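The values are calculated or read from the model by the stated rules, or taken from the named source; none is laboratory data. Nothing here was measured: the structure is a model prediction, and the numbers come from that model. Cβ placement follows ideal geometry from the backbone for every residue including glycine, while neighbour counts extend to all protein chains displayed. Ligands, DNA and RNA are stripped out before the accessible areas are found, and what is left, the full protein with its side chains, is counted by its heavy atoms. Shrake-Rupley method; radii C 1.70, N 1.55, O 1.52, S 1.80 Å.
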Amino acid sequence: MSLEMFVQHLCNATTLGSLYALTAIGYTMVYGILRLINFAHGDIFMLGAYFVFFGGALFALPWGVAVIGAIILSTACGIMVDRVAYRPLRDAPRISALISSIGVSFLIENLAIVIFTAIPRPVHQPEWLSQVFLVGGVRILSLTLVVPAISFLLVAGLLWIVYKTKPGLAMRAISKDIETTRLMGVSVDKIIALTFGLGSALAAASGIMWALRYPQINPLMGIFPGFKAFIAAVLGGIGSIQGALIGGLLLGFIEILVVAFLPALSGYKDAFAFVLLIVILLIKPTGLMGEKLEEKV
Amino acid sequence: MTERVSVLETKNLVMRFGGLTAVNDFSISVPEGSIVGLIGPNGAGKTTAFNMITGFYRPTEGQVIFQGQDITGLPPHEVCRAGIARTFQNIRLFGNESVLQNVMIACQVRQKLPWWHAPLFLPGYFREEKEIREKSLALLDAVNLRSHADERAPSLPYGAQRRLEIARALATEPKFLLLDEPAAGMNPQESIELMDFIRSIRQRFNLTILLIEHDMKVVMGVCQYIWVLDYGVRIAEGTPEDIRSNPKVIEAYLGEEALEHA
Amino acid sequence: MNRTRDTILSLLLLGALGAFLWWADGHLDKYQIQVLNVVAINIILAVSLNLIYGFTGLFSLGHAGFMLVGAYVCAILILPASQKAATFILQPMMWPFSVMNAPFIVAVLAGGVVAAVFGFLIAFPVLRLGGDYLGIASLGFAEILRVVANNIVPITNGALGLKGIPKEANLWWNYGWCAVTLVVIARLINSNAGNVLKAIRDDEVAAKAMGIDVFRWKLISFTLGAFFAGVGGALLGSLLTTISPKMFTFLLTFNVLMIVVAGGLGSITGTVISGVFITILMEWLRFVEAPMHIGTMTIPGIPGMRMVVFSLALLCIILFRREGIMGMREWSWSGLFGLFGKRGEAR
């Protein structure tokens, strides 16, 4: 493999990895607080992409406005999903909320098919994303630099909220002990809504960048990135934001580099993540950065 | 206490969770056929000791010897099969099952025919199951719950749930029974009945019983020998009379309501 | 006595069902018979998932994977050699698969057995996990199986799938297997072995303390469930005459899960009732997606609407009636006559 190829693979891996990481954060934050695998998260990712598409194509909004509008709409959707499908089940067995999330996921996907139709739509890439740079003889698409950079900024903003603000403190407190935090006078439902909102905003941003990278969208585009981002969260240690970042990047690198070095396995690409999931659950179920939970007798 | 054969012996059991030592150097020897007690303030490590004996925790160090055999580190179901049964501090019945089913489930460990005889309609399985049902009903008789056999377990009053848990433990045909706070939540009258009940099942099922209890009346009334734990360490042992007058024990319990009862 | 009355009534009901099938076989149109067939297969699938999830408490999302295995094994065994040669256009089929052949009953059994073997092997890693992790890991295995089926072209014909599978799964086979599934699982559940499974579902720690080898029993339940899922998949493949990896996505598991949840986790009769009801509802909803002609007017169909209604229905059940139609109760004659409000389960 030539050096140029290798560098390009690395760029692709970083791009893919940062998209997984952005999406994984939403899974990990919700799981950290509610112990719920939010199956609908991947669909928020899809909605983000569709909202931008319709903002641009239908209402001829400027690109930046469409993106911000789409993120706000998706955030609202994420909060609404929590309000309608999960909040009534807070005191129910955990699996009930999980089944509810599977139901919501299928509902959003099929509503999207009804409203947007199942036909995949091409996405128009703004010019500044499709420019090619020559760096030391290596051709690099500007998109592969912009995506990790934006992801980095978004994650930095999120970490600031989680670690430097009061709602962030409440969030961390809830993930340690929801009942005690409630007794401290924190409005738990609001903080949970905020968590869903932040996670959804990141998922929408990730979905939009995903759509730009594979310039195409369809109502089922969120399923596989969603699964994989969840796996990335487990890989990094579910409940840990840093873990989600590491897990996302790692998964991106594994997917791209295995296929790069062993092209014979390219048909099995979609199975890597699941194999990785099962391996990690067996050797270190708490993930790379996770805390250990004791079984109580 | 050394003249009789000891049925259960623990040798220097240690249990550490990370940096915390929950139980340290825990050695007891329980003579066959006796009723003995393990007491101590909350968080002293009593339940942890139970969990090590019954296989729920693997001790960091030390050994558990049951009827001359080393059972350290066996999984809980094999410990049960070997003849040790237990109840739980916070009652753990099978909540969606009837009272009778709760007891029948515990009979499975002594069931001889494998499961696949059931879907194949083999007559032997029906016969064995009939025996199990009769045995379970007899056990329910022994704990005075037969008339409630078809009710759901959680619908029973608290004291009855405790008795059902004991009946369920007896269904595994144990030699050795561990009771974790059997009198918790009982009124004085119920506690007195419980003492008689514990003595009667010891007699009737030829058991050795080790119990954890906070109710000093029960402990002093029913136990022949007592060990006292505090902060995971054994601070005293002896007959109820010895324990009652032991200054260390009084100190450990100082300020606790248990002192008044003692 | 009530017992004799119940037996007589049950036999009468069975007889009526048999007569109905016999009548349906001759009088209903092809489409209606197809729906009846799918009802039977869905009951097989849902009852087997209920054994795993409702009765043993193992939240498994791997049903589509077991169905895939069952469907492929059965199809490979009943496809005639000439049809195989015609179907495998990308790569010729690998020997000995290209010449294998077996009667339908053997093929279905083999589908079940191979699915059970997969279930058994998958259980070792997966059953060490609990709750939602078990769900996601079993879902992972199902997806892996699907990707593998897509790639081992000389055996499965890859993404093109298998076509022209002989349609041997008629009403009698499907309802016969459905009866076998129901009898085996009901008998198991109502025996003391079934009590043990329910004990594991209710409180694993207490079950261990009562001498129950929890892992072994979970393994039994999971493997048996996988067997019947394989049987269901085998019958479905033969009924539809074409299979491809695309068929066996998470959506398929979701459909089965929906039937189980709607019927009541831990209720076999509930699963049967909801299996009939939901299958027919799903078929009926197809009309929503097809264009409608009223006189000269044509209202275009709405693709996706069927699944929208379906997922909304699941959401309503989980939000407003979490215990489903039957909860953990079983339907019984005495319950029907309103003689007792007693649970039929504790026989």
Equivalent-ellipsoid semi-axes of region B:69-193, from the Cα gyration tensor, Å, largest first = 26, 20, 11
With a 1.4 Å probe on protein heavy atoms only, tell me which residues of region C:208-237 lose at least 10 Å² of accessible surface in the complex relative to the chain by itself.
-> C:K208, C:A209, C:M210, C:G211, C:I212, C:D213, C:R216, C:W217, C:I220, C:L224
Sorted by accessible area with a 1.4 angstrom probe, largest first, how do A:M5, B:M195 fall?
-> A:M5, B:M195
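Per residue, how many Å² of accessible area does region A:147-297 show with a 1.4 Å probe?
Accessible area per residue, region A:147-297: 46 Å².
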Can you pull the accessible area of B:C107 for me, 1.4 Å probe, Å² to the nearest 10?
-> 0 Å²
Could you work out how far the C-alpha centroid of region A:13-40 sits from that of region C:293-333, in angstrom?
-> 31 Å
Overall Cα dimensions of chain C, principal axis frame, Å, largest first | 61, 58, 38
Determine Rg/Rh for chain B; Rg is computed over alpha-carbon atoms and Rh is the Kirkwood hydrodynamic estimate from the same atoms.
-> 0.99
Write down the radius of gyration of region A:143-297 and its Dmax, each obtained from C-alpha positions, in Å.
-> 17.6, 58
Taking a probe of 1.4 Å and counting only protein heavy atoms, give the total accessible area buried between chains C and B in Å², rounded to the nearest 100.
-> 3000 Å²
If you take the square roots of the eigenvalues of the alpha-carbon gyration tensor of region B:9-67 and sort them as a ≥ b ≥ c, do you get rounded (a/c under 1.5), prolate (a/b over b/c) or oblate?
-> oblate
Among the DSSP beta bridges whose two residues both lie in the protein assembly as shown, what percent are antiparallel, rounded to the nearest 5?
-> 65 percent
Pairs beyond 19 Å (Cα-Cα), from B:K11/B:K46; B:K175/C:K198; B:K46/B:K248; A:K284/C:K208; A:K176/A:K284; B:K175/C:K208 = B:K175/C:K198; A:K284/C:K208; A:K176/A:K284
Magnitude of the charge dipole, chain C, Cβ model with Lys/Arg +1 and Asp/Glu -1, debye to 20 | 260 debye
Would you mind computing, in nm to one decimal, how far apart the modelled labels at C:L12 and A:R172 are, each placed 7 Å from Cα along Cα→Cβ?
-> 7.1 nm
Quotient of Cα Rg and 2.2 N^0.38 Å for region A:179-246, N being how many residues it contains | 1.41
Inter-probe distance in nm under a simple model that places probes 7 Å from Cα toward Cβ, at B:T60 and B:E190 | 3.7 nm
How far is the Cα center of region B:56-87 from the Cα center of region A:100-141, in Å?
-> 58 Å
Which values of log₁₀ I(q)/I(0), to two decimal places, follow from the Debye formula for region C:154-275 at q = 0.11, 0.19, 0.23 Å⁻¹ with a uniform point scatterer at every Cα?
-> -0.50, -1.16, -1.41
At a 1.4 Å probe, what is the % contribution of carbon and sulfur to the accessible area of chain C?
-> 72 percent
Kindly provide the pair-distance distribution of region A:208-271 built from C-alpha pairs, with 10 Å bins from 0 and whole-percent values in order of increasing distance.
-> 21, 42, 36, 2
Percent of Cα-Cα pairs per 10 Å bin, from 0 to the last occupied bin, for region C:25-69, please list those.
-> 25, 38, 23, 13, 1
Share, in percent, of DSSP beta bridges within chain B that are antiparallel, nearest 5 = 55 percent
Going by the alpha-carbon gyration tensor, a ≥ b ≥ c the square roots of its eigenvalues, is region B:62-126 rounded (a/c under 1.5) or, if a/c is not under 1.5, prolate (a/b greater than b/c) versus oblate?
-> oblate
How much accessible area per residue does region A:22-139 have, in Å², with a 1.4 Å probe?
-> 43 Å²
Using only the Cα atoms, work out Rg/Rh for the protein assembly as shown, with Rh taken as the Kirkwood radius, to two decimals.
-> 1.01
Just for the Cα atoms in region C:88-192, what are the lengths along the principal axes, largest first, rounded to whole Å?
-> 51, 37, 20
Starting at 0 and stepping by 5 Å, how many percent of the alpha carbon pairs of region A:26-123 end up in each bin?
-> 3, 13, 21, 22, 16, 12, 8, 4, 1, 0
Ignoring ligands, DNA and RNA, what percent of the 1.4 Å accessible area of region B:108-262 is carbon and sulfur?
-> 53 percent
Can you give the relative contact order of region B:162-262 as a percent, counting alpha carbon pairs under 8 Å and 6+ residues apart?
-> 22 percent
Within 10 Å of each Cβ in peptide C:197-205, how many partner chain Cβ atoms are there on average? Round it to a whole number, please.
-> 6
Which of C:N42, C:N190, C:N150 fluctuates most in a GNM of chain C (C-alpha springs under 10 Å)? That residue is C:N190
Please build a GNM for chain C, connecting alpha carbons under 10 Å apart, and tell me which residue among C:W172, C:W22, C:W217 fluctuates the most.
-> C:W22
Taking chain A as the reference, fit the longest principal axis to its C-alpha atoms, fit the long axis of helix A:94-116 to the helix C-alpha atoms, and give the angle between the two in degrees, 0 to 90, nearest 10.
-> 40 degrees
Chain C - mean residue ellipticity at 222 nm from DSSP helices (-39,500 (n - 2.57) per run, n ≥ 4, rounded to 500) = -22500 deg cm²/dmol
To the nearest 100 Å², how much accessible surface do chains A and B hide from each other in total, with a 1.4 Å probe?
-> 300 Å²
Give me Rg over Rh for region B:141-232, both radii from the alpha carbons and Rh done the Kirkwood way, two decimal places.
-> 0.97
Please report, in whole Å, how far the alpha carbons of region B:3-127 spread along each principal axis, starting with the longest.
-> 52, 35, 27
If you take the accessible area of A alone, add that of C alone, and subtract the area of the pair, what total do you get in Å², probe 1.4 Å, to the nearest 100?
-> 3500 Å²
Portion, in percent, of the accessible area of region A:22-144 that falls on carbon or sulfur, probe 1.4 Å | 70 percent
Got the relative contact order for region C:39-176 handy, in percent, Cα pairs under 8 Å and 6 or more residues apart?
-> 35 percent
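For chain B, what does the accessible surface come to per residue with a 1.4 Å probe? Please give it in Å². Please report the intermediate quantities before stating the final value.
Working: 11470 Å² over 262 residues.
Per residue, chain B has an accessible area of 44 Å².
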Report relative contact order for chain B in percent, whole number only (criteria: Cα-Cα under 8 Å, sequence separation at least 6).
-> 26 percent
Hey, what angle do you get for helix B:123-142 against the long axis of chain B, alpha-carbon based, 0 to 90 degrees rounded to 10?
-> 40 degrees
Can you list the residues of region B:191-210 with backbone N under 12 Å from a point 7 Å past the Cα of B:N144, pointing along Cα to Cβ?
-> B:191-198
Inverse mean reciprocal Cα-Cα distance (Kirkwood Rh) of chain A, Å | 19.7 Å
